[in-house]
Amino acid sequence: MVSILKYIILPVWTVLFFSPSLTFRDETYRIAAEAGIPLLQVAYREGDSLTVFEVSTVPEICPRADCFTVFQAASLSKPVMAYIIMKMADRGEIDPDTPLICYTQANRFTDRELAGRLTARIVLSQTSGLPNWAASPGSSDWPDAPISFLFRPDSAFSYSGEAFAFLQRAVESIKGKGLEEIAREEVFIPLGMHASSYEWLCKYDTLAADGYTREGENRGPGSFPRANAAYTLRTTAGDYMKFLIALNEGAGLSRQSRDAMFFPRVNAVRYPGHPRDCDRHVFWGLGLGIEKHGTLGEVVFHWGDNGRFKSLFLIVPKSNSTPGRILVYFTNSEAGHDIIKPLSFLFLGNEEPLAIHDWVLQQYK
């Protein structure tokens, strides 16, 4: 396994500071400026070639040449937890199909019988039947807020941060450690992700980006009261790309576990009872979204939304005509998802728009 990780890490660091394509940088700047996004950080890998850069569209923010600005990753926290779960499953430390109440308590649930049906596989496939949050996860009320089910577990797609928080408690109970220590041992240290953490690090005092509203108001870097596997990861595009390469190539995972993560298990109708046309193309694996695209194939993705910090990654499989491609971007703006369509056109060259754009942005009518 060590030799595999060396293969992954070294190419990232050896090309991290190379100048990006002027077309990519210039066009990305234009896209960000038109959307009103102050700062955008991008990592793009095509075959063995990697480009990482930052662009700023406002004079008060100077983009870092070393691309070490740290962003809130928001829900891009979740795939890291999914990867940890699958590594643990391969070692026999957790059974993906064993009820999580066998590992931890379920005191907050209003229906203990339904809570007893929740498993790691159900949580990772986003079919828990739970709401996104029972209360704001950054509030003092959240740790004790009662959790009620929207519908029966494993019956339909239901995106939930609350389910991931429950899964986190099970993992922490199994390991006898907190999330941050587990993530460092399983992911951050092995993959050389030195800028990444679910908790605030001292170096973030100078590296963390401030978040901006659509109106351009600076609201600061934000803070979290506790590490949460669903949304508190902070990282850089270069760091997160290391994780995506490992994930895509199955480093540290059995072939069975890697394939299970990438297999479209359930149709992702984002708003239960209110299907949209874009939902027909989007599915969920274990911790990952998957769009069945007409020309690109099965595009693996996840989006992150912490209000003033928005992010997205896209993994496009290798084909006979194109090498495998991975794109990840981080923004410090509420407008950060407005650019999904133009950025995908720029980097992936798809003529048919990704349904992901509408799936993330379009409300049901």
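The values are calculated or read from the model by the stated rules, or taken from the named source; none is laboratory data. Small disclaimer: the values here were computed from a predicted structure and weren't measured. Every residue, glycine as well, gets a Cβ built from its backbone with ideal geometry; the counts of neighbours run over all protein chains shown.
So, Leu130, is that one among the hydrophobic types (A, V, I, L, M, F, W, C), not in a helix (DSSP H, G or I) and not assigned by TED's automatic domain parsing to the domain that holds Tyr231 or not? Walk me through it before giving the result.
Numbers: among the hydrophobic types (A, V, I, L, M, F, W, C): yes; not in a helix (DSSP H, G or I): yes; not assigned by TED's automatic domain parsing to the domain that holds Tyr231: yes.
Yes; evaluated as a whole, the condition is true for this residue.
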Looking at the structure I just gave you, is Gly252 closer than 21 Å to Leu179 by Cα, modelled with pLDDT of 95 or more and of a type outside the set (S, T, N, Q)?
yes
For region 353-363, enumerate the residues that are in contact with a strand residue (DSSP E or B) (Cβ under 7 Å, 6 or more places away or on another chain) and farther than 20 Å from Gly307 by Cβ.
Leu354, Ala355
From the list Leu5, Leu40, which residue is at pLDDT below 95 and either crowded, with 16+ Cβ neighbours inside 10 Å or within 14 Å of Gly336 (Cα to Cα) (or both)?
Leu5
Would you say Val123 is buried (at least 18 other Cβ atoms within 10 Å of the Cβ), out of contact with any Cys (no Cβ under 8 Å at 6 or more places or on another chain), at pLDDT 95 or above and assigned to a helix (DSSP H, G or I)?
yes
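Given Ala251, Ala268, Ala246, which one is under 30 Å from Phe151 (Cβ atoms) and small (Gly, Ala, Ser)? Steps first, answer last, please.
Values: Ala251 fails: under 30 Å from Phe151 (Cβ atoms); Ala246 fails: under 30 Å from Phe151 (Cβ atoms).
From the options Ala251, Ala268, Ala246, the qualifying one is Ala268.
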Here are some conditions: (1) under 13 Å from Phe164 (Cβ atoms); (2) of a type in the set (A, V, I, L, M, F, W, C); (3) in contact with an Asp or Glu (Cβ under 6 Å, 6 or more places away or on another chain). Leu118 meets all but one. Which one does it not meet?
(3)
Out of Asp239, Asp205, Asp259, sole residue that is charged (D, E, K, R) and surrounded by 21 or more Cβ atoms within 10 Å (Cβ to Cβ)
Asp239
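Given the structure, is Ala106 out of contact with any strand residue (DSSP E or B) (no Cβ under 7 Å at 6 or more places or on another chain) and crowded, with 17+ Cβ neighbours inside 10 Å?
Details: out of contact with any strand residue (DSSP E or B) (no Cβ under 7 Å at 6 or more places or on another chain): yes; crowded, with 17+ Cβ neighbours inside 10 Å: yes.
In short, yes.
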Looking at Trp200, is it within 19 Å of Trp303 (Cα to Cα) and of a type outside the set (Asp, Glu)?
no
